[in-house]
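A quick write-up on the structure given underneath.
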Amino acid sequence: MNRTTTSNDSIIRSTQKWVESIVVGLNLCPFAKKALIDNRVRFSVTKAVTEEQLLDELQAEFDLLDHDPSIETTLLIHPGVLQKFDAYNQFLESADRLLEILQFEGVYQVASFHPDYRFAGTADDDVENFTNRSPYPVLHLIREDSLERALADFPGADQIPARNIALMETLGREKLTALMQACVVDAALE
């Protein structure tokens, strides 16, 4: 799939499908379902093609969240920049610095999802990496107070990562790859 020529609508639909069928459907994040049902998840595709442009758009999203409490969380999808996971992973430091500069540390946090996501100490093809794999590179902007409330109301929240890894191992690479491929909306077929 050519990620730079796919329409924004297809990119958003693919990402929504991923959230619905994998993140919520497999219960990888038990807190995501309510925000999705309440229509409080913002899906935004950036036109950024450089890291500097992406930082500008990231700042704009933080500002939007800060002024619009009806948005619970934003998925900032950036198909035109940071396609290589190592560059994406390094960019996360810039995103954290931006939080500090904007004095939003402790107010928001950035979670990371990428088609080639790889946890430190894992091989590229380890199935546990699928817990953070998405159809496109995504910066997930989360309100810290919402996350803290959700964690307080969810017994055993500290077991979520281990449970998710066990689920990935049970499903296996072939099934997980098929699930991810099923999320991609092909604009040519619409």
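The values are calculated or read from the model by the stated rules, or taken from the named source; none is laboratory data. Remember, it's a predicted structure, so these values are computed and weren't measured experimentally. Heads up, the Cβs are rebuilt from the backbone with ideal geometry, glycines too, and the neighbour counts pull from every protein chain shown.
General observations
- Count of residues meeting criterion [buried (at least 17 other Cβ atoms within 10 Å of the Cβ) and over 14 Å from residue 98 (Cβ atoms)] in segment 47-70: 0
- Test: residue in segment 131-138 that is surrounded by fewer than 18 Cβ atoms within 10 Å (Cβ to Cβ), in contact (Cβ under 8 Å) with a residue 24 or more places away in the chain and of a type outside the set (A, V, I, L, M): no
- When residues of segment 54-82 are limited to those that are farther than 18 Å from residue 112 by Cβ and assigned to a helix (DSSP H, G or I), the one farthest from the chain's Cα centre (by Cα): 67
- Figure legend. Inter-residue proximity from segment 19-30: first residues free of Cβ contacts under 8 Å to residues at least 12 places away in the same chain, second residues not in a helix (DSSP H, G or I), beta-carbon distance below 8 Å, spacing 6+ or different chains. Indicated pairs: 23/29.
- Among the residues of segment 1-51, those identified as β-branched (Val, Ile, Thr) and assigned to a loop (DSSP other than H, G, I, E, B) are 4, 5, 6, 46, 49, 50.
- Cβ separations smaller than 8 Å between residues 6+ apart or across chains give the following pairs from segment 153-175 residues that are at pLDDT below 95 and surrounded by 13 or more Cβ atoms within 10 Å (Cβ to Cβ) to residues that are in a helix (DSSP H, G or I) and β-branched (Val, Ile, Thr): 161/131.
- Of the candidates 104, 113, 91, the single residue that is under 22 Å from residue 165 (Cβ atoms) and either touching a Pro at 6+ places or on another chain (Cβ under 7 Å) or not β-branched (Val, Ile, Thr) (or both) is 113.
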